[in-house]
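The values are calculated or read from the model by the stated rules, or taken from the named source; none is laboratory data. Keep in mind that what you see is a predicted model, and the values were worked out from it rather than measured. Glycine also receives a Cβ, built like all others from the backbone with ideal geometry; neighbour counts cover every protein chain displayed. Keep in mind that these areas ignore ligands, DNA and RNA; they rest on the heavy atoms of the full protein, side chains included. Shrake-Rupley method; radii C 1.70, N 1.55, O 1.52, S 1.80 Å.
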There are 2 protein chains.
Amino acid sequence: MTVIFSKKCELGLQAVLYLSAFPKNTLFSALEISEKINAPKEFVSKILQTLTSSGIVGSKKGNSGGFYLKIDPGSVRLIDVVSAIDGLDLFRNCVLGFPGCSVDEPCPVHESWGKLRNETYTMLSNQTLAELRDITVNKINSLKK
Amino acid sequence: MTVIFSKKCELGLQAVLYLSAFPKNTLFSALEISEKINAPKEFVSKILQTLTSSGIVGSKKGNSGGFYLKIDPGSVRLIDVVSAIDGLDLFRNCVLGFPGCSVDEPCPVHESWGKLRNETYTMLSNQTLAELRDITVNKINSLKK
DNA sequence: CAAAAATAAGACTAAATTTTCTTATTTGCA
DNA sequence: TGCAAATAAGAAAATTTAGTCTTATTTTTG
């Protein structure tokens, strides 16, 4: 089971982080990326297509084609990728699944989860891929092979 | 899509919260509970069976049978229900899905998510059902009919 | 121009989760 | 004792998510 994001989203985040470790516009084939993040090539390719249509990633067809980060790493935040793939329902819905959870009819953890949820949103919004670069490079390099 | 818990877990939490709003050992049939929390009866019944085998809930067969909170509401915490249904992987796995995420090989949000994850765990552990009773009763009563 | 290698797109399959159904067993009560 | 109503248990169906396959198109290179 995934933690809070879907598998698609996790892999999308990993792929974009991978791309952000290299100079902007550096092309990588879906195969290269999939091997690096240890995921099925076709699945990665499909996820990157989604990110392409949302504008975060660019693609180039043909013999020497591939995917690349289209937006400057200083302008992309993790939340942008999450938003493009899973959407933001995570930050709207009641964590206990109650309907109509609000200040007037709060669930038992409405306030406390609300706070944590906002902090999570902030965490995913605060830093850009550029700011995460060093730690990202270190992590990417530790992924064996 | 659910927020961080599975549907089973959400409904299990709702059902237990419902039971905790009444004096301990008060019996409710799966049908009554399912109508209250607006979920399929058989599904609720199955979830409560899980909670029965984990000891949080008790069950009584036969004509006037049903389910009841077996442990005192002052001794049950939300995390106990989560643990019984979804397990605690949520509090162990990397939120970005990276393997081997650790202090030595942290992912880009290892520290910040680690903190939020611990606070989430604390939130689900701190208060007992008894302490949540007032707000629970209010929420349950707002769920129409 | 033809071959090779890549993305794009969509159909298809597989797996996991959710939900329903069926049957057995238990229990209270007339 | 027999019926009705409930849980127990497990099979089956439906839905969602994950992953694969196929075909088309693009682009570079020989």
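A few notes on this one:
- Residue of B:K24, B:K36, B:K115 that the Gaussian network model of chain B assigns the largest fluctuation, springs spanning Cα pairs under 10 Å: B:K115
- Residue among A:N63, A:N93, A:N118 with the largest mean-square fluctuation in a Gaussian network model of chain A, springs linking Cα atoms under 10 Å: A:N63
- The portion of the accessible surface of the stretch A:7-142 made up by carbon and sulfur, rounded to a whole percent, is 48 (1.4 Å probe; DNA, RNA and ligands excluded).
- Cα lying deepest toward the dipole's positive end in the stretch B:7-142, options B:T120, B:L31, B:V82, charges on Cβ: B:L31
- Approximating the spin labels as points 7 Å out from Cα along Cα→Cβ, the B:T52-to-B:F91 distance works out to 2.8 nm.
- Å² per residue, accessible surface of the stretch A:7-142 at 1.4 Å: 47
- Over chain A, Cα pairs under 8 Å with separation of 6+ residues give a relative contact order of 28 percent.
- Reduction of at least 50 Å² in accessible surface, 1.4 Å probe, comparing all protein chains with the chain by itself, residues of the stretch A:1-33: A:M1, A:V3, A:I4, A:Q14
- Here the stretch A:83-108 is scanned for amide nitrogen atoms under 17 Å from the site 7 Å beyond the Cα of A:K8 along Cα-to-Cβ, giving A:83-91.
- Ligands, DNA and RNA excluded, the heavy atoms of A:R92 present near 150 Å² of accessible surface to a 1.4 Å solvent probe.
- A:D134 accessible area, assembled protein chains, probe 1.4 Å, Å²: 120
- Association of chains A and B removes close to 3800 square angstrom of accessible area from solvent, both sides included, for a probe radius of 1.4 Å.
- Comparing B:S59, B:S75, B:S112 in a Gaussian network model of chain B, where Cα atoms under 10 Å apart are tied by springs, the biggest mean-square fluctuation is seen for B:S112.
- Accessible area ranking (1.4 Å probe, heavy atoms, ligands and nucleic acids excluded), largest first, for B:M123, A:M1: A:M1, B:M123.
- Between B:F43 and B:Q127, residue separation times 0.36 nm minus the direct Cα-Cα distance comes to 27.5 nm.
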